[in-house]
1. What is the gain in length, in nm to one decimal, between Asn337 and Asp261 on full extension, counting 0.36 nm per residue of separation less the C-alpha to C-alpha distance?
2. Excluding residues fewer than 8 places away in the same chain, name every one of the aspartates and glutamates whose C-alpha is closer than 12 Å to that of Lys338.
3. Report the Stokes-Einstein translational diffusion coefficient (µm² s⁻¹, integer) for region 69-169, Rh taken as the Kirkwood radius over Cα pairs, at 37 °C with viscosity 0.692 mPa s.
4. Express in nm, to one decimal, how much length is gained between Asp229 and Glu120 on full extension, taking 0.36 nm for each residue of separation and deducting their alpha carbon distance.
5. Can you pull the semi-axes for region 165-236, root of five times each eigenvalue of the Cα gyration tensor, sorted largest first, whole Å?
6. What's the FRET efficiency of Lys238 with Arg108 using the Cβ-Cβ distance as r and R₀ = 35 Å, to the nearest 0.05?
7. Over region 262-347, what portion of Cα pair distances is larger than 19 Å, expressed as a whole percent?
8. Would you mind counting up the charge near Ala340? Only other residues with Cβ under 11 Å from its Cβ, with Lys and Arg at +1 and Asp and Glu at -1.
Amino acid sequence: MRTAGPSLGYIRPVAKLILASLIPLLVGGNAPAQDEQRPPRLPDISSPVYINREPVYRVGGAVSAPRPVYTPDPEYSEEARKANTQGTVVLWLVVGSDGKPRSIRVARALGSGLDEKAIEAVSRWKFDPAMKQDKPVAVQMNVEITFWNGKNDCCQVDVLSDSMGIDFGPYLASVIRDVRSSWLKLIPNPCPATVEEVAVRFAILKDGRVAEAQVTSPGDPLHDRAAQDAITTSSPFKPLPSEFKAQELVIRMHFVYHSMDLAVVPASVRVASQSVHQFSAVMGPIRNPAVTWSLSGEGCSAAACGTISADGMYTAPVLLPIPPIVTLKATLISDPNKTASATVTIVKAPDPSQ
């Protein structure tokens, strides 16, 4: 279950992958240091440039697009939250032959700490790598991270496949319009007691039909069904733009449900020992109302349950409690009768040697 986390208030980052901007050329692995600050230009779709001695291609022709498999959202910076900053950060990066992002650079900045938050998130993304003649290869991509402020609604979209340089904005606007119209008729009553976000990943085929609609961040089953049905009942959409040569466009669409009750998001999460996780208090459209935080657990007390900062940053303990369950509680300062809680399951940290 994925509840709407630090992106609410409602402030939510979304991501779109598009073909990399073609800016100056780097030749070989020994390019001057100052050139490494600028995205390189690839002069021919079949010819790579070398970045840190790795051949890097453009998507197209014999080079398939990398497929995102893990794309956690960025956090919203405190500076931007206070300033109510909205907009888009564009990052240039290389997706290596191992499927890992690297050489991430800011191609268009937004400021207020959001550029850094975008880089932090994208650096943790994972891909099935691009392929050329059945071998994994590195490719350059642009990633757009959009931070927006609005009420709960559908249908913020992450484009998860390479758009090959095509502006899908007008096309996706019509998709969103159709899905939203269906979703508003399908929203179950009553409203949820906690903030909840459901994400559905699906492919739009060239003829506009929907394929492989899958809930990737599930919530309440009724909310999952409403979101998924809103997409499938809107199929087919208009055909994909004729200039788009791929067979499908893979996107992820977000649906948010919330009430005016105090809630902690996420409501349930697994955290590795000694790791940190950001929690937020939400009350309807109000994000981060003034609260106090506390921790408790059947198998722990005080620091043995971990620690939590005044702004909701939780740090898991070194040793796993028995049972390894910690309850995190937020109490509204202006009305101590209003409380909300979240459940943290502490898991063993992975062995870095394996």
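Read-outs: derived from the displayed coordinates by stated rules, not from any lab. Here the structure is a predicted model, which is why all the values come from computation and not from measurement. Positions of Cβ are generated from backbone atoms using ideal geometry, with glycine treated the same way; all protein chains shown enter the neighbour counts.
1. On the way: separation 76, 0.36 × 76 = 27.36 nm, distance 1.17 nm.
That pair, Asn337 and Asp261, stretches by 26.2 nm at full extension.
2. Correct list for Lys338: Asp261.
3. Working: Rh = 14.7 Å.
The calculation lands on 224 µm²/s.
4. Working: separation 109, 0.36 × 109 = 39.24 nm, distance 3.35 nm.
Going from the current span to full extension adds 35.9 nm.
5. On the way: eigenvalues 111, 32, 27 Å².
That gives 24, 13, 12 Å for the three semi-axes.
6. On the way: r = 29 Å, r/R0 = 0.82.
It comes out at approximately 0.75.
7. Working: 1136 of 3655 pairs.
Result for the distance tail: 31 percent.
8. Working: positive: Lys329, Lys338; negative: Asp261.
Around Ala340, the charge tally is +1.
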